[in-house]
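The structure appears right after this line, and notes come after that.
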Amino acid sequence: MIEINNISKKYSGSSDYVIKDMNLKIDSGKIIGFIGHNGAGKSTTLNMISGILEPTDGDILINGYSIINDALNAKMQFAYVMDSPDNFLKLTGYEYLNFIGNVYQIPADEINNRIKILADEYLMSDKLNQLIDSYSHGMRQKINVMGALLHEPSVFLLDEPLNGLDPQASKILKDSMKEHVKKGNTVLFSTHILEVAEKLCDEIIIINKGKIIYQGSLDDLQAQYEEGTSLEDIFLSITSKNVE
């Protein structure tokens, strides 16, 4: 579960808020799509949930742990896949996954077992001894997802996770997300691909100009519009309105 309590964010030297007075509760057992235009505040929000950015005001609880006041316990609850997979490029895939396993204090024999399972699932078994620097964008994205899943977090945060993935890898990741929530866990991911949100998500959150303007099911949202109206048209309609 993720609870965002009256969060605001403005950057040093600016009087303008990127996020203003955000309140949000995300329950376990659901895939939640986080939708908004570029610059709407999706990545800023995810970076505050993960502790990369500190809110100007407010607090964020992950499974009851404050990311501000109890950061270590809060960070043990989730894994975060950022929008850029260009990390740890001078490690091999295997070294990177071992490093992640050690950070999360997974026993050595269990690390190897989980690596094998994930490598088979993501078709990376023959790539793990290569430097990440030699990987394609899609392969880098896959190794980041594998690292995120390695410690079996209850909360899975992803920022535009399908960017650069081929159709096969994209399906594998979407299946992983579905399996994750079947175990009672939470997936929150940002996307600009509305068709993905429409097919995959239990709920969506729409953010516009740093404020949440909708949270709920697609059925409930579409019920507010003429039958047959596409999610794309609904999204463009709702985000074209000025947010005070």
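When +1 charges are put on Lys and Arg Cβ atoms and -1 charges on Asp and Glu Cβ atoms, the dipole computed for region 86-152 relative to its Cα centre reaches about 140 debye. Mean-square fluctuations from a GNM of the chain, with a 10 angstrom spring cutoff on Cα atoms, peak among I111, I60, I212 at I111.
Looking at the chain only, what percent of DSSP beta bridges run antiparallel? Nearest 5 please. Walk me through the intermediate numbers first.
On the way: 18 of 36 bridges.
In the chain, approximately 50 percent of DSSP beta bridges are antiparallel ones.
Given a cut-off of 27 Å, name the pairs among K42/K178; K20/K171; K116/K171; K116/K183; K142/K182; K127/K199 whose C-alpha atoms lie farther apart than that in the structure shown.
Numbers: K42/K178 22 Å; K20/K171 35 Å; K116/K171 19 Å; K116/K183 21 Å; K142/K182 21 Å; K127/K199 31 Å.
In this structure, K20/K171; K127/K199 exceed 27 Å between Cα atoms.
Cβ crowding within 10 Å ranks I132, I238 as I238, I132, fewest other Cβ atoms first. Mind checking the angle between helix 167-182 and the chain's longest principal axis? C-alpha axes, 0 to 90 degrees, to the nearest 10. The two axes meet at around 80 degrees. Counting neighbouring Cβ atoms within 10 Å and putting the fewest first, the residues L150, L24 line up as L24, L150.
Given +1 at the Cβ of Lys and Arg, -1 at the Cβ of Asp and Glu and no other charges, the dipole of the chain around its Cα centre is 420 debye to the nearest 20. Ranking L89, P167, G184 by how far each Cα lies toward the positive end of the dipole of region 71-223 (charges on Cβ) leaves L89 at the top. Across region 86-152, the mean sequence separation of Cα contacts (distance under 8 Å, 6 or more residues apart), normalised by length, yields a relative contact order of 50 percent.
Under a model in which nothing but the beta-carbon of Lys, Arg (+1) and Asp, Glu (-1) is charged, region 81-210 shows a dipole of about 40 debye around its Cα centre. For region 1-64, the alpha carbon convex hull comes to 84 Å³ per residue, rounded to a whole number.
Could you tally the net charge around N113, taking each other residue with its Cβ under 14 Å from the Cβ of N113, Lys/Arg +1 and Asp/Glu -1? Could you put the intermediate results ahead of the total?
On the way: positive: R114, K116; negative: D109, E110, D120, E121, E152.
Taking every other residue near N113 into account, the sum is -3.
By the equivalent-ellipsoid construction on the alpha carbon gyration tensor, region 138-244 comes out with semi-axes of 28, 14, 14 Å, ordered largest to smallest. Compared with the alpha-carbon gap, the fully stretched path from S66 to E232 is longer by 56.2 nm at 0.36 nm per residue.
When the chain is treated as a Gaussian network with alpha carbon springs shorter than 10 Å, the biggest mean-square fluctuation among T186, T92, T45 belongs to T92. Estimated from the Cβ-Cβ distance and a Förster radius of 35 angstrom, the FRET efficiency linking E110 and S84 is about 0.75.
Using the 2.2 N^0.38 Å rule of thumb for compact globular proteins, work out how region 30-114 stacks up: its C-alpha Rg over that value, please.
Values: Rg = 15.4 Å, N = 85, 2.2 N^0.38 = 11.9 Å.
In units of the 2.2 N^0.38 Å rule of thumb, it is 1.29.
For L158, nonlocal amide neighbours, meaning residues 5 or more places apart or on other chains whose placed amide H falls under 5 Å from its own, are V81, L188, F189, S190.
Computed on region 5-56, with alpha-carbon pairs under 8 angstrom and 6+ residues apart, the relative contact order is 34 percent.
In degrees between 0 and 90, to the nearest 10, how far off the longest principal axis of the chain does helix 93-103 point, with axes built from Cα atoms? Helix 93-103 sits at roughly 70 degrees to that axis.
Ranking P107, I205, M76 by how far each Cα lies toward the positive end of the dipole of the chain (charges on Cβ) leaves P107 at the top. The amide H of Q130, built 1.01 Å from its N in the peptide plane, has G93, Y94 as neighbours under 5 Å, considering only residues 5 or more places off or on other chains.
With θ taken as phi - 60° and the Karplus curve 6.51 cos²θ - 1.76 cosθ + 1.60 applied, the whole-hertz 3J(HN,Hα) list for region 29-34 is x, 9, 9, 10, x, 9 Hz, x standing for glycine and proline.
Under the 0.36 nm per residue contour assumption, what length would be gained going from the current alpha-carbon distance of E152 and I117 to full extension?
Numbers: separation 35, 0.36 × 35 = 12.60 nm, distance 1.25 nm.
My answer for the length gained is 11.4 nm.
The convex hull around the C-alpha trace of region 107-201, projected and averaged over every direction, spans 6.4 square nanometres.
For region 86-152, the extents of the C-alpha atoms along the principal axes are 29, 21, 18 Å, listed from largest to smallest.
How high is the relative contact order of the chain? Use alpha-carbon pairs under 8 Å, at least six apart in sequence, and give a whole percent. Numbers along the way, then the final one.
Working: 408 pairs, mean separation 64.8, N = 244.
It rounds to 27 percent for the chain.
Spin-label model, N102/E198: points 7 Å from Cα along the beta carbon direction are separated by 4.7 nm.
Here, each number is a calculation from the coordinates, and none is a lab measurement. Please read these numbers as outputs of a predicted model, since none were measured by experiment. Every residue, glycine among them, receives a Cβ derived from its backbone with ideal geometry; neighbour counts consider all protein chains shown.
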